[in-house]
Ligand code: BYC
Ligand code: FE
Ligand code: FE
């Protein structure tokens, strides 16, 4: 039950895990804190450390009201440790230990596997902050600037969430991993972040909105799977992270929707789809950015056939999306799953054991979730009477991880020759000209209530404030 729902702000680290009575962990976290602030100041939003930002800070884990909004300087943000309330009598919902009481301590035999999952999850959080650190300088409005900063402080908190798990439950090697999480750097040749997409640049706001739509959505799906974990502290921390993730999904979906809307308005107004000279981003360019971000995010789910995934599941560490709603034995010992595979120069569906196909199943759930957002963008295009449809690329397109990494696949799902790929990839992925054009539009717009030429204003402001509210007070 929710014994401690409100957050304890009496220690330096706001928390609902009773840190004052957990001196050892409190000391470890306080020891890590200065390094974190150092990292934030050097790798966090560049040029805005002194700005006052209208931010939402978590003050409780009560779903009815967990946040308060106020102006804060980002380095003073109260990054805290917040776990969803413990569920009385929670049972392990899948795998070999199905039905046994959820673990409150790390199960010894799965320690290494669990630590690896927590470290990979933790690594993505600061990576995204590093990728986005230059965006403040070219924000298309104060509203958007505030949103990227909100996403950034929450990704910072997600790092805290994983560091808490490492420091509380993994002793000395947990502390070492926590240290390493501050050492790796997105895109660094010597000490890169762990997963592919987190070493790509986020150089402009179209990329940022695509990233929050596609890559944060991988975050959502992975957190949903880890929220099923038999290791209860991980489950609880992921459940609370998901409440924050919802805002990141919102920023991405509405961000792209506003770029699409602006494209449609300009196309109607000037009676041409060549809207670049009018300061808009044309739908074809949007499609190429979509293709890129979707494909690199699909890679984040791992190989179609993965014994790691099977082991995570059997051990009870990482479940399926909506595991507890599934009507089966939650063991998958004899179950099968349809997986798209390369077959000569075609792609066919093949039945594979469900256990080793869990990455692909989660990827399927992810694609379905993405498709709902794309349908809402297409609704905007339709409303403007424009004959164009944005589409998700085929899952085999532009992949580096898994079976499709070995082939070239077109966005419509044909296995193609290297020669065709070389000749046509410029139609499918952002070209150097596209990137230069998008970059040319990136100028800060800092008058409250005004927006860059290529993006429509949002339907409403944040927390009931008007759209022309001063969301960031520049120092
Ligand atoms: N890049 O058996 P396989 C988020 C490696 S995002 C590089 O298919 P597995 C966020 C793999 O590690 C969510 N390497 O993989 C979003 C393995 O290496 P080893 C982050 C990759 O283990 C936006 C080998 O290839 N959370 O929160 O089944 C902003 C064989 O692979 C990649 C998680 O990912 C790749 N893309 O699945 C902020 C959840 N893919 O063992 C935050 C935790 C695979 O041979 N992680 N490899 O050395 C996992 O569940 C799994 O590790 C993965 C990979 C799903 C990522
Ligand atoms: Fe996150
Ligand atoms: Fe996120």
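Residues in region 318-335 that are in contact (Cβ under 8 Å) with a residue 24 or more places away in the chain and in a helix (DSSP H, G or I) were compared, and the one that is surrounded by the fewest Cβ atoms within 10 Å (Cβ to Cβ) is 324. Condition (residue is surrounded by fewer than 23 Cβ atoms within 10 Å (Cβ to Cβ) and part of a loop (DSSP other than H, G, I, E, B)) applied to region 117-128: is it met by at least one residue? Checking region 117-128: not a single residue is surrounded by fewer than 23 Cβ atoms within 10 Å (Cβ to Cβ) and part of a loop (DSSP other than H, G, I, E, B). Looking at this structure, is residue 166 buried (at least 24 other Cβ atoms within 10 Å of the Cβ) and either at pLDDT 95 or above or closer than 17 Å to residue 81 by Cα (or both)? Yes: the conditions hold for residue 166.
If you go through region 342-355 and keep only what is within 26 Å of the chain's Cα centre (by Cα) and either part of a strand (DSSP E or B) or without any contact (Cβ under 8 Å) to a residue 24 or more places away in the chain (or both), you end up with just 354. One residue alone among 204, 144, 188 is farther than 23 Å from residue 22 by Cα and either without any contact (Cβ under 8 Å) to a residue 12 or more places away in the chain or within 12 Å of ligand 3 (Cβ to nearest atom) (or both), and that residue is 188.
Matching residues to (1) under 24 Å from residue 106 (Cβ atoms); (2) within 16 Å of ligand 2 (Cβ to nearest atom):
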{"site": "189", "(1), (2)": "no, no"}
{"site": "208", "(1), (2)": "no, yes"}
{"site": "215", "(1), (2)": "no, yes"}
{"site": "218", "(1), (2)": "no, yes"}
{"site": "223", "(1), (2)": "yes, yes"}
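Here the condition is being at pLDDT 95 or above, within 15 Å of ligand 1 (Cβ to nearest atom) and more than 20 Å from the chain's Cα centre (by Cα); of 127, 112, it holds for 112 alone. Inspect region 226-242 for any residue being surrounded by 20 or more Cβ atoms within 10 Å (Cβ to Cβ) and within 11 Å of ligand 3 (Cβ to nearest atom) and give the result as yes or no. Within region 226-242, one or more residues are surrounded by 20 or more Cβ atoms within 10 Å (Cβ to Cβ) and within 11 Å of ligand 3 (Cβ to nearest atom). Taking region 39-59 as the range and being free of Cβ contacts under 8 Å to residues at least 60 places away in the same chain and exposed (fewer than 14 other Cβ atoms within 10 Å of the Cβ) as the test, the residues that pass are 41, 42.
When you look at residue 196, is it within 11 Å of ligand 1 (Cβ to nearest atom), more than 21 Å from residue 47 (Cα to Cα) and modelled with pLDDT under 95, yes or no? Steps first, answer last, please.
Values: within 11 Å of ligand 1 (Cβ to nearest atom): yes; more than 21 Å from residue 47 (Cα to Cα): yes; modelled with pLDDT under 95: yes.
The answer is yes for residue 196.
This table checks each residue for (1) farther than 16 Å from residue 86 by Cα; (2) touching a residue at least 60 places away in the same chain (Cβ under 8 Å); (3) more than 13 Å from the chain's Cα centre (by Cα); (4) more than 13 Å from ligand 2 (Cβ to nearest atom).
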{"site": "228", "(1), (2), (3), (4)": "no, yes, yes, yes"}
{"site": "231", "(1), (2), (3), (4)": "no, yes, yes, yes"}
{"site": "237", "(1), (2), (3), (4)": "no, yes, yes, no"}
{"site": "240", "(1), (2), (3), (4)": "no, yes, yes, no"}
{"site": "244", "(1), (2), (3), (4)": "yes, yes, no, no"}
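Selection of first residues in region 147-163 that are under 15 Å from residue 249 (Cα atoms) and at pLDDT 95 or above and of second residues that are within 9 Å of ligand 2 (Cβ to nearest atom) and assigned to a helix (DSSP H, G or I), restricted to Cβ pairs under 7 Å at least 6 apart or on distinct chains, gives the following pairs, ordered by first then second residue: 151/248; 154/244; 155/125; 155/128. The selection criterion, being crowded, with 20+ Cβ neighbours inside 10 Å, more than 24 Å from the chain's Cα centre (by Cα), more than 28 Å from residue 422 (Cβ to Cβ) and at pLDDT 95 or above, holds for residue 339. Please go through region 262-274 and give me each residue that is touching a helix residue (DSSP H, G or I) at 6+ places or on another chain (Cβ under 8 Å) and farther than 18 Å from residue 457 by Cα, ordered by number. 270, 273 - these are the residues of region 262-274 that are touching a helix residue (DSSP H, G or I) at 6+ places or on another chain (Cβ under 8 Å) and farther than 18 Å from residue 457 by Cα.
Of the residues contained in region 175-192, none is found to be under 22 Å from residue 443 (Cα atoms), assigned to a helix (DSSP H, G or I) and either modelled with pLDDT of 95 or more or more than 9 Å from ligand 1 (Cβ to nearest atom) (or both).
Conditions tested, residue by residue: (1) in contact with a strand residue (DSSP E or B) (Cβ under 6 Å, 6 or more places away or on another chain); (2) crowded, with 21+ Cβ neighbours inside 10 Å.
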residue	(1), (2)
252	no, yes
266	no, yes
271	no, no
275	no, yes
304	yes, yes
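The values are calculated or read from the model by the stated rules, or taken from the named source; none is laboratory data. If you're wondering where the values come from, they're calculated on a predicted model, not measured in any experiment. All Cβ positions, glycine included, derive from the backbone under ideal geometry; neighbour counts span all protein chains shown.
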